[in-house]
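Report on one structure; see the data block that follows.
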Amino acid sequence: MSATWTAIGQIGIVVLVLAVVHRPLGDHMFRVLTSPRHLAVERVGYRVMRVDPDAEQRWSTYLLSVLGFSLASVLVLFGLGRLQDRLPLDIGMAPLDPAGAWNTAVSFVTNTNWQWYSGEAAAGHLFQMAGLAVQNFVSAAVGIAVVAALARGFARHGTDSRVGNFWADLVRVTVRVLLPLAFVAALVLVAGGVIQNLSAHAEIGTLAGGTQSVLGGPVASQEAIKELGTNGGGFFNANSAHPFENPTPWTNALEVVLLLLIPFSLPRTFGRMVGDRRQGWAILAAMSTLWVAAVGLLTWAELAGPGLVPAAAGGAMEGKEVRFGEAASALFAASTTMTSTGAVNSMHDSLTAPGGGVALVGMLLGEVSPGGVGSGLYGMVVLIIVAVFLAGLMVGRTPEYLGKKIGRQEITLVALYVLTMPAVVLIGSAIAISVPAGLAGQLQGGPHGLSEIVYAFASAGNNNGSAFGGLTTGTPFYNTLLGLAMLVGRFVPIALVLALAGRLASQRKVPEGAGTLPTHTPLFVGLLVTVTLVVVGLTFVPVLSLGPVVESLS
Amino acid sequence: MSTTLLEKPRTVAAAPTTLSPGQLATALPGALRGLDPRRLWDSPVMFVVEVGAAFTTVLAVVEPSAFAWSITVWLWLTVLFATLAESVAEGRGKAQAASLRATQRETTARKVVGPDTVEVASSSLRVGDVVVVVAGETIPGDGDVIEGVASVDESAITGESAPVIRESGGDRSAVTGGTVVLSDRIVVRITAPAGHTFVDRMIALVEGSERQKTPNEVALNVLLTTLTIIFLLAVVTLQPFAVYSGARQPLIVLVALLVCLIPTTIGALLSAIGIAGMDRLVRRNVLAMSGRAVEAAGDVDVLLLDKTGTITLGNRQAADLLPAAGVDPALLADAAQLSSMADETPEGRSVLVLVKERFGLRERHDLAGAELVPFAARTRMSGVDLPGRSVRKGAAAAVIRWVRSTGGHAGDDVAATVDAISASGGTPLVVAEQLDAGPARVLGVIHLKDVVKEGMRERFDALRAMGIRTVMVTGDNPLTARAIGLEAGVDDVLAEATPEDKLALIRREQEGGRLVAMAGDGTNDAPALAQADVGVAMNTGTTAAKEAGNMVDLDSNPTKLLEIVEIGKQLLITRGALTTFSVANDVAKYFAILPAMFVVAFPQLGVLNVMHLTSPQSAILSAVVFNALVIVALLPLALRGVRYTPSSASALLRRNLLVYGLGGVIAPFLGIKLIDLLVTALGMS
């Protein structure tokens, strides 16, 4: 019983903190994204990049800027990874192989932070700080920039599809939102016991009389943005299960709050940008419903510990840290898979069968509850448009959302968006499970092995980055294929969302009337949650039935 | 108040709500033609089903089994039911088209050439030709009357047997080819070449041969196609997972799963819904020139309605008698009746009705020696001269002038009453009497006012609940207009409206993003009709008006606008409801098929067989059969349209989600179980 109360208490604290913080943070981001003023430091940045931050871009230019910036980022990361042994602060790490460098570069640029390697065994300090940490900031900023462009698409009417300036959005979000938040969060984490230094390996004598090589590093600063930007790439292989990254239950709760913070605050920002706060509340309600349901289910699964092994061992503690226990591990697992963060504080491979299933479904819903920084919100808006299309017809009007008609072109963009992720996940997993190179990485066969492979592609295709574990993915086969999955899973949706933003911005506004479908009511929120579960979920029912479902019923 | 705005169509039978076997039989040849893959390509969902059916046919031939053939047959039936639905929907317009075609017999036209007329074939007429038509002859083509007046029997197109008057000039000059002149002689200038006449267009419309997909239909098709592709991916990639799991699936089972998952219900009925929507309009005697306009009707935000004939009965009627100071009301009533004996106008007759109702005054036959003074534009009075008594009734100024000319005078109270009536938007008629050539005196005032049609307020309330604003358009002064607007319950009035004002109002509303519907008949309405998103021209109107609008109401009943809006909404609701139903069905189908597919490899999946279906094969077959039969079961609904009650968007959504969303989840559980019992009993699996 006490375990249940601990679980409820932890969830309660997280919810309370988010409830207090999401409004001021959402309002702050609204001001950042709409203010006409530039900070001095930002001006310097614009001058260096030679861009005019006040020049409004059409959606196509905006998209080219996103793609150009991301391509440059991939090249820089690839270079840093390949050449890290010739650069300072390499702490003796060898260069990454081409497939590995490609995978890591794509992984961090797409905000996935899938790690095929062990941080402490493959990445030097410079690569971590100048490469990966920088991407932790800017890849998150790209997500917010894209959703800002979409919000402007709704807010503007009759323009020639101009949706803002990518460079201004990128710089502002980084400078005014992510850096200050990460700075404060890092200090709190250090206070909580997370390490922050530049030391290399140190030899330590253990209690048993042996010696162990322990690596130090700038962990707290990485840890803060890792959670805040829903990145998830750990400094250490054990990620947030490592005591240097996440030493106590308190830092654990803080990390959960950090990874949920921006995704849960953005609906407020969106509501204010489109001039109707109620719309923000509705989105928040839908996201929260799914998140609470997932946390509840996963916590129940881990506490109840169904299955032969947990029953025999008296609890589902395999793969979990004793200092966190089942409840805190479940809370973290649900939050990290539903925010596209991918940080882990336990081994997801060792979650109970239904628990692992919930984590998997959390990603397969398309990372919208609340999803990644920015990407979760634009994903949710896309689903809203699907819901509005069906519901709008049922009230006898051509569907519209926020005063914009959803016609052929809009629904085509939305439909392609909805199609992309399942295509990536299903095709990727089907290839991997059919070829020897794919099956070679499996730790186990059977339904669990299937879950491992599907989880890997769900994680990559949804830019989550968490690993089920078990599957050895550091092979050229997986590095290449998963890299491709991450790339398509990130940039195809972004391109479609920006095209949608451009279409919407050029539309005239339809005034709201009594015949307009209200999109802020509990009824609509319920519909949205159902559409998310049914339209997206139905796609994966067959394959899930062969993995987690079969396992759960064993 | 009735719960629906829809009036019973007056001239054509209501759409049948059930399908007769005969109807299905006549539709069968069309349905078989529809199986042509080139025609099915337009409906990607059904195309996929057909490809699947062809595939299973090959499989069944190569490896015959009762199961394989059962599945194959039912997959073909699924496709056939879809084409049958479209064929049935089209068939309903065919009968009407046939009767229209009958009016298109080749006739002889008497074409005016110089001073003479020559007889030519009606098909040889060109635009601009002038023909003469006399009583008993069929009008050879569409045109405008340029000379004469005639009564014309238009029942061939409108179904209305009472003849209508067609005359040169004004707003009743348009005649339609194929209609018959009953009296007199008219000269007509042809305005449409043979083959492109109004009747030709009507035939094409009711037959659906010119049918193009409407914007929303196209958008929905995009969504359905995407769902199909997603499920195609899910099913195609399932085989590798199944092989890995040691449960390789027969291809026939995978095809069955695919067909059950893709939205076949809506895919099969989508075009039938569109055709039936147009057909519902036709049955109400409205011809939509494009499906686009029908869809737009569902979205209308503002309705412009002419006051006269639409909101009010069209004529001013006596509403009250207000005696002057010291005059017995009965005396006023008597005088009012006398003075109206010679007044053949509707206003005059309404005075007789009023005094009969209020004072029990019957028609009088004791008028020996009476001399009726008819209304004249010069005097603006009417009345009667009896021996020793003259009574006059007319416009206040005219009657008072007459009173003064006899040496009498009107009291101040009369002037006050007259002003009060004018201020309230009514028309005052003053009644005066002269006895024995003495000075005349004013007896009182008749209050004439526009009478609002019964039930209009309720209709406007219903429209408001739907989010539609009504604007009354009238030539009256603002005062009168406001008074009537208030009484009728419209949201806004446009007074002293010129055609330019109307056009400007429409443009202004459209600038604000609103969709506007209006009805009109005159040539001067044409620009506004063209500008409006939904412009309904009256069939009695001019050719210009008919060409400007995107719909024509054959009954020339402007209130039809309300029904058009409802049909537009019903069309969209039906599409949305069936799509939701179709997608919601998938939940139950998963519960039927997935355990059946994998229960051999993973016996624990048997738990998911919540319907306790007999065997894996019967489960799969039952799902396929249900999937096919639900198309037939829902065909009547697709043709009739989902019931629509005007109410707020939230209420509509709640109801439809409950019926078609939740119903769509539950229905297949029951249906599949039932079919499984039957299949088992018949030993088909």
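The values are calculated or read from the model by the stated rules, or taken from the named source; none is laboratory data. On a predicted model such as this, the values are computed, not experimentally measured, just so you know. No Cβ is skipped: glycine too gets one built from the backbone with ideal geometry, and neighbour counts run over all protein chains shown. With ligands, DNA and RNA removed, areas are computed over all heavy atoms of the protein, side chains included. Shrake-Rupley method; radii C 1.70, N 1.55, O 1.52, S 1.80 Å.
Annotations
- Elements of type helices (runs of 4 or more DSSP H) contained in the range A:482-554, each with 1 or more residues being facing chain B (nearest Cβ under 8 Å) and open to solvent by 50 Å² or more (accessible area, probe 1.4 Å): A:522-531, A:550-553
- Residue check for B:Met472: hydrophobic (A, V, I, L, M, F, W, C) and touching a helix residue (DSSP H, G or I) at 6+ places or on another chain (Cβ under 7 Å): yes
- Residue match in the range A:395-414 (condition: more than 27 Å from B:Ala296 (Cβ to Cβ) and surrounded by 24 or more Cβ atoms within 10 Å (Cβ to Cβ)): no
- Identity of the residue in the range B:464-493, part of a loop (DSSP other than H, G, I, E, B) and within 14 Å of another protein chain (Cβ to nearest Cβ), that ends up surrounded by the most Cβ atoms within 10 Å (Cβ to Cβ): B:Met466
- Residue match in the range B:182-196 (condition: away from chain A (no Cβ under 14 Å), surrounded by fewer than 18 Cβ atoms within 10 Å (Cβ to Cβ) and assigned to a helix (DSSP H, G or I)): no
- Leading residue by the ranking (surrounded by the most Cβ atoms within 10 Å (Cβ to Cβ)) among those in the range B:283-314 that are within 11 Å of another protein chain (Cβ to nearest Cβ) and part of a loop (DSSP other than H, G, I, E, B): B:Val300
- Restricting the range A:443-466 to residues that are touching a Gly at 6+ places or on another chain (Cβ under 8 Å) and open to solvent by 40 Å² or more (accessible area, probe 1.4 Å) leaves a set whose member that is farthest from the other protein chains (Cβ to nearest Cβ) is A:Leu443.
- Any chance A:Ser329 is farther than 22 Å from A:Trp5 by Cα and among the hydroxyl-bearing types (Ser, Thr, Tyr): no
- Any hit, the range B:208-228, residues being within 10 Å of chain A (Cβ to nearest Cβ), under 24 Å from A:Val534 (Cβ atoms) and open to solvent by 50 Å² or more (accessible area, probe 1.4 Å): no
- Within the range A:192-234, considering residues that are in contact with a Pro (Cβ under 9 Å, 6 or more places away or on another chain) and at pLDDT 80 or above, the one most open to solvent (accessible area, probe 1.4 Å): A:Gln196
- Taking strands (runs of 3 or more DSSP E) as the structural unit, no element lying wholly within the range B:494-609 holds at least 2 residues that are within 14 Å of chain A (Cβ to nearest Cβ), at pLDDT 85 or above and under 30 Å from B:Gly664 (Cα atoms).
- Meets criteria (within 14 Å of another protein chain (Cβ to nearest Cβ) and buried (at least 19 other Cβ atoms within 10 Å of the Cβ)) for B:Val642: yes
- Scoring A:Phe389 on the criteria (1) within 30 Å of B:Thr225 (Cα to Cα); (2) at pLDDT below 90 leaves a single failure, condition (2).
- Test: residue in the range A:438-453 that is touching a residue at least 40 places away in the same chain (Cβ under 8 Å) and part of a loop (DSSP other than H, G, I, E, B): yes
- Of the residues making up the range A:240-265, those that are out of contact with any helix residue (DSSP H, G or I) (no Cβ under 8 Å at 6 or more places or on another chain) and either crowded, with 24+ Cβ neighbours inside 10 Å or part of a helix (DSSP H, G or I) (or both) are A:Ala241, A:Trp250.
- Per the listing B:Ala242, B:Ala256, B:Ala204, B:Ala247, the residue uniquely in contact (Cβ under 8 Å) with a residue 60 or more places away in the chain, away from every other protein chain (no Cβ under 12 Å) and open to solvent by less than 20 Å² (accessible area, probe 1.4 Å) is B:Ala256.
- With respect to (1) assigned to a helix (DSSP H, G or I); (2) in contact with a Lys or Arg (Cβ under 8 Å, 6 or more places away or on another chain); (3) in the same structural domain as B:Gly485 (by the TED database), the lone exception for B:Leu270 is condition (3).
- Contact annotation: residue pairs with Cβ atoms under 7 Å, 6 or more positions apart or on different chains, pairing a residue in the range B:598-620 that is open to solvent by less than 20 Å² (accessible area, probe 1.4 Å) with a partner that is not in a helix (DSSP H, G or I), are B:Phe598/B:Ala247; B:Leu605/B:Val599; B:Ser618/B:Ser685; B:Ala619/B:Leu613.
- Count of the range B:364-415 residues, restricted to those that are in contact (Cβ under 8 Å) with a residue 60 or more places away in the chain and either not in a loop (DSSP other than H, G, I, E, B) or not assigned by the TED database to the domain that holds B:Ala325 (or both), is 2.
- Candidates B:Val145, B:Val149, B:Val133, B:Val175, filtered to the one that is open to solvent by 10 Å² or more (accessible area, probe 1.4 Å), at pLDDT 85 or above and farther than 30 Å from B:Pro263 by Cβ: B:Val149
Residue-by-condition table, conditions (1) open to solvent by 40 Å² or more (accessible area, probe 1.4 Å); (2) part of a helix (DSSP H, G or I); (3) touching a Gly at 6+ places or on another chain (Cβ under 9 Å); (4) not polar (S, T, N, Q):
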site	(1), (2), (3), (4)
A:Val74	no, yes, no, yes
A:Ala94	yes, no, no, yes
A:Ser107	no, yes, yes, no
A:Asn113	no, no, yes, no
A:Tyr117	no, no, yes, yes
